[in-house]
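I have a structure here, written as structure tokens, and I will follow up with some questions on it.
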Amino acid sequence: MILKKINLYIFLAFLSLFSNYKIYCQYNYQKSNPIDLPLNLSGNFGEIRGTHFHAGIDIKTNGKEGYEIKSIDDGTLTRVSISLGSYGKAIYIKHYDGTTSVYAHLKKFSKKIEDIIKRFQYNNKTFVLNKFFKENHIIIKKNELIGYSGNTGGSSGPHLHFEIRDSKTQNVLNPHLFGYKLNDSKEPVIKRIFLYSLNKFERFENDKIKKNIPFKVISNSKVITDSINYIGKFGIGVETFDQHNLSYNRNGIYRIELLKNNEIIYNIKFDRFSFNDKKYINYFIDYKELKENNSKVVKLFSSENSNLSFLKKEQNGNITFKENVDYNLELNIYDFEGNKKNIIIPYKKNSNYLKQIKFYEKSNINIDEKKTYDFENKKVIFFKNSYLENQFVSIKNLNDTLVLVNKNYPLNKKIKVSFKIKNELSTNKNIGIGLVLDKSNKIKFLPSIIENNELYSYSDKLGSFFIAIDSDKPTIKPLNFKNGDWVSKKRYLKLEINDLTSGIKKYDGSINGKWILLEYDPKKKLLTYDLEDLKYDTHKLNLILNVEDLANNKSIYKAQIYRDIGVLENDLSTSTK
Ligand SMILES: [Zn+2]
């Protein structure tokens, strides 16, 4: 026993010598390509997206769908998911080296997987699903065809979203660590550099808490900023992106290090991260810049309340400039191929004090308490931990609208908004709460509940809230057939469904009383039925489609169509497994 223990200690000590290396050393680097196309990316690993860090790489597919997708290694199919947003149709394969590869936004699956999934869909009468499989139940070989590239889910153009995860923790790993090379010889580009005052009572000119620092580009790899000449506690922010040789897409960077007197005081490196990190993304970037200018400024100092897995706690990026002391500030920004931009930030010793202020915007929403704002006929409740740190939220009660604004940080937890309603409205089934977000004038319909003449709903966003009634029914339009048609030569039935006011909540279709799988593409408002899914023993097919919107308005479409009785080997509705 003692011997074993000593061995283990030696082993751990050995690993700690290579602390960066140890995480990856067990993995198989000889993985193959998921797609037979050059690695031309429209998004890279760790890139900042509105609500999350991009967990994989987006491989461009020439604006087309239908490229073969192949497993990058031997493994076992562990999960298939189909969702209307996010990953769309996605496949998860667990490999024997402790990694799982993920392929998302697929158009369809290979026949082997499609057959299993369709059976599940018919048995459970559902299009969307999240199905887990026992390990070693469905074996997948390296380079085996698993599906076809597409544009399903939250994708805004055809591409393959490809991920590699650590199977045990489900943390995502940078795919480039597995040998996927990029054609990139360009240094990252600097757009803007900012200095932030980190003292609540100190401000730059015009009461601003941050200041743009102008810079000069010396060469492709070097930039020098104007001198900083302040005394106090500061942080640096940078707006930067990386471009690869073959595309114009502005991708995220791999690594940023901030040095003070040649010592690293903040270090971002996207080798791996946790899905939980997305919770803190708006503390990692300047959220106000994102909201107001749609720009992604990375703050090179950590917020007290944020706990990002890829940052070191002891390097917080806080810089204190004292009077009559010299400082040497430098920023290095790298892409994955090692192209580096070096930014020198000179400091001027005879410096200025910032403007002192007596008061700053006090918080009214504190993280450790529930807070209710009760107006005569409306109410809002902020629960504990509504934010990750105390905030000031502007709350205005304007006639029939409740206006809630906080430009500094987004909500961490949903708020409850309620309106008192008159008796005659309390039986209205099409009533809900309307929400207009900051900039757009588009109304989001929040499905609501009525209890004791109180209409309430929960929202994860602030904005203008009011009572909304949607009495318009969803529309249903057959696209490639009409009532009375013979459809023997057709493989698919296509219908368009739409709801302008509140949006589609659910739909359900049947032929001759049997549930049919209607694949739904919300972007195209399209429902598709594969006529080869089911076998009918009659020429006459009675199609019924029910569609319901978020405000409980229902529409029904009925058609009689005709089709030759085909010979089908598998009728999915009668399958048992
Ligand atoms: Zn992606």
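The values are calculated or read from the model by the stated rules, or taken from the named source; none is laboratory data. Note that the coordinates shown come from a computational prediction; the quantities given were computed from them, not determined experimentally. Ideal geometry is used to build each Cβ from the backbone, glycine not excepted, and the neighbour counts take in all protein chains shown.
Would you please name the residue that is farthest from the ligand (Cβ to nearest atom), looking only at residues in segment 149-158 that are surrounded by fewer than 19 Cβ atoms within 10 Å (Cβ to Cβ) and in contact (Cβ under 8 Å) with a residue 24 or more places away in the chain?
Restricting attention to segment 149-158, the residues satisfying the condition of being surrounded by fewer than 19 Cβ atoms within 10 Å (Cβ to Cβ) are 154, 156-157.
This time we only want the ones that are in contact (Cβ under 8 Å) with a residue 24 or more places away in the chain, so: 154, 157.
Details: G154: 9, G157: 11 Å.
My answer is G157.
Any residue at all in segment 113-131 that's more than 25 Å from D533 (Cα to Cα), of a type in the set (A, V, I, L, M) and either within 15 Å of the ligand (Cβ to nearest atom) or buried (at least 20 other Cβ atoms within 10 Å of the Cβ) (or both)? Full working, then the answer.
Step one: list which residues in segment 113-131 are more than 25 Å from D533 (Cα to Cα), which gives none.
Within segment 113-131 (the criterion being more than 25 Å from D533 (Cα to Cα), of a type in the set (A, V, I, L, M) and either within 15 Å of the ligand (Cβ to nearest atom) or buried (at least 20 other Cβ atoms within 10 Å of the Cβ) (or both)), the answer is no, since none of the residues qualifies.
Being modelled with pLDDT of 95 or more and over 20 Å from K108 (Cα atoms) narrows it down to one of T538, T475, so name that one. Before the answer, list the steps.
Details: T538 fails: modelled with pLDDT of 95 or more.
Residue meeting the stated conditions: T475.
Same structure again: Being farther than 17 Å from K291 by Cβ, part of a strand (DSSP E or B) and free of Cβ contacts under 8 Å to residues at least 40 places away in the same chain is the filter here; which residues of segment 385-409 pass it?
I395, K396, N397, L398
Name the strands (runs of 3 or more DSSP E) wholly within segment 491-533 that hold at least 2 residues that are charged (D, E, K, R)?
It comes to 492-498, 504-511, 518-521.
Hey, among the residues in segment 30-64 that are near the ligand (Cβ under 10 Å from one of its atoms) and among the polar types (S, T, N, Q), which one's farthest from the chain's Cα centre (by Cα)?
The residue in question is S42.
If we scan segment 137-146, do we find a residue that is of a type in the set (V, I, T), at pLDDT 95 or above, closer than 22 Å to K64 by Cβ and within 16 Å of the ligand (Cβ to nearest atom)? Reasoning before the result, please.
Here is the first cut: in segment 137-146, the residues of a type in the set (V, I, T) are 138-140, 146.
From what's left, at pLDDT 95 or above: 138-140, 146.
Still in the list and also closer than 22 Å to K64 by Cβ: 146.
Those still in the list that are within 16 Å of the ligand (Cβ to nearest atom) too: none.
For segment 137-146, residues of a type in the set (V, I, T), at pLDDT 95 or above, closer than 22 Å to K64 by Cβ and within 16 Å of the ligand (Cβ to nearest atom): absent.
What is the residue count in segment 273-293 for residues that are within 17 Å of the chain's Cα centre (by Cα) and either over 15 Å from G252 (Cβ atoms) or among the hydroxyl-bearing types (S, T, Y) (or both)?
So the count comes out to 9.
I need a count of the residues in segment 159-197 that are within 17 Å of the chain's Cα centre (by Cα) and either within 30 Å of K216 (Cα to Cα) or within 16 Å of the ligand (Cβ to nearest atom) (or both).
Within segment 159-197, residues that are within 17 Å of the chain's Cα centre (by Cα) and either within 30 Å of K216 (Cα to Cα) or within 16 Å of the ligand (Cβ to nearest atom) (or both) number 10.
Among V298, V223, V238, which is in contact with a helix residue (DSSP H, G or I) (Cβ under 8 Å, 6 or more places away or on another chain) and either under 18 Å from R49 (Cα atoms) or surrounded by 18 or more Cβ atoms within 10 Å (Cβ to Cβ) (or both)?
Just one listed residue meets the conditions, V298.
Could we say that L195 is assigned to a loop (DSSP other than H, G, I, E, B) and either small (G, A, S) or crowded, with 18+ Cβ neighbours inside 10 Å (or both) here?
In short, no.
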